[in-house]
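The block underneath contains the structure these notes are about, expressed in structure tokens.
The values are calculated or read from the model by the stated rules, or taken from the named source; none is laboratory data. Computed from a predicted structure; not experimentally measured. All Cβ positions, even for glycine, are placed from backbone atoms using ideal geometry, and neighbour counts span all protein chains on display.
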Amino acid sequence: MTNEDGTSAGAPPPRGQEGESGARLGEAGLAATPGQAAVPASGMDVLRAFGECLVRGDADGAAMLFAPDAVYEEPPVHFSGRDAIHAFIAEFAATHSDARFEVLRALASPDGALLAAEWRWSYTRSADSTRRAFTGISFVELRDGLIARWRGFSAPMAG
């Protein structure tokens with residue numbers, strides 16, 4: 001099935017295209033080295049939706065992308081369960097603004113259940129207007145189209 005513009009229906013938007021929220025969508029459907037699959041639309045859809053929810057400060061929407069028993073880890077942060085993940089994102093959204101989330105690259109297992117994504121994340125801390133930016137990677141396990149486990153690692157970006 002195709003859209004009016006000739007692109008495949010349900011396919012991720014072209015590389016670098018921005019969504020309505022301003023989240024940069026990155027390399028949708030990235031072709032990997034031989035033996036590694038490109039991210040299927042469903043995996044990219046989840047990453048894209050999560051990024052767009054972060055940009056909007058939408059804790060409800062972000063939390064709904066996680067399974068009820070999901071685990072979210074970005075050491076030293078660790079949360080178990082959708083409610084705890086929701087509370088974490090809601091608290092962050094209440095104390096930060098001008099968030100940006102850009103997926104740079106994403107790879108998936110052949111069945112799409114495991115994803116690896118490289119990203120950039122930035123925001124302004126409301127208390128003192130400090131702008132912070134990070135680059136990072138996440139390993140994501142999907143179950144029934146929802147995030148069952150998110151394990152991320154990040155480092156501050158220079159300057």
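General observations
- Residue satisfying all of: in region 129-145; in a strand (DSSP E or B) and charged (D, E, K, R); surrounded by the fewest Cβ atoms within 10 Å (Cβ to Cβ) among these: Arg131
- Residues that are among the hydrophobic types (A, V, I, L, M, F, W, C) and surrounded by fewer than 18 Cβ atoms within 10 Å (Cβ to Cβ) within region 54-66 comprise just one, Met64.
- Residue in region 109-124 that is of a type in the set (Lys, Arg) and surrounded by fewer than 15 Cβ atoms within 10 Å (Cβ to Cβ) present: no
- Ala93 vs. criteria surrounded by 15 or more Cβ atoms within 10 Å (Cβ to Cβ), under 17 Å from the mean Cα position of the chain (by Cα), small (Gly, Ala, Ser) and at pLDDT below 95: no
- For Val55: the one exception among (1) touching a residue at least 24 places away in the same chain (Cβ under 8 Å); (2) of a type in the set (A, V, I, L, M, F, W, C); (3) in a strand (DSSP E or B): (3)
- You will find that of Ala99, Ala94, Ala117, Ala155, the residue that is under 24 Å from Asp60 (Cα atoms), assigned to a strand (DSSP E or B), free of Cβ contacts under 8 Å to residues at least 60 places away in the same chain and aliphatic (A, V, I, L, M) is Ala99 and no other.
- Among the residues of region 67-82, those identified as outside any strand (DSSP E or B) and surrounded by 12 or more Cβ atoms within 10 Å (Cβ to Cβ) are Gly81, Arg82.
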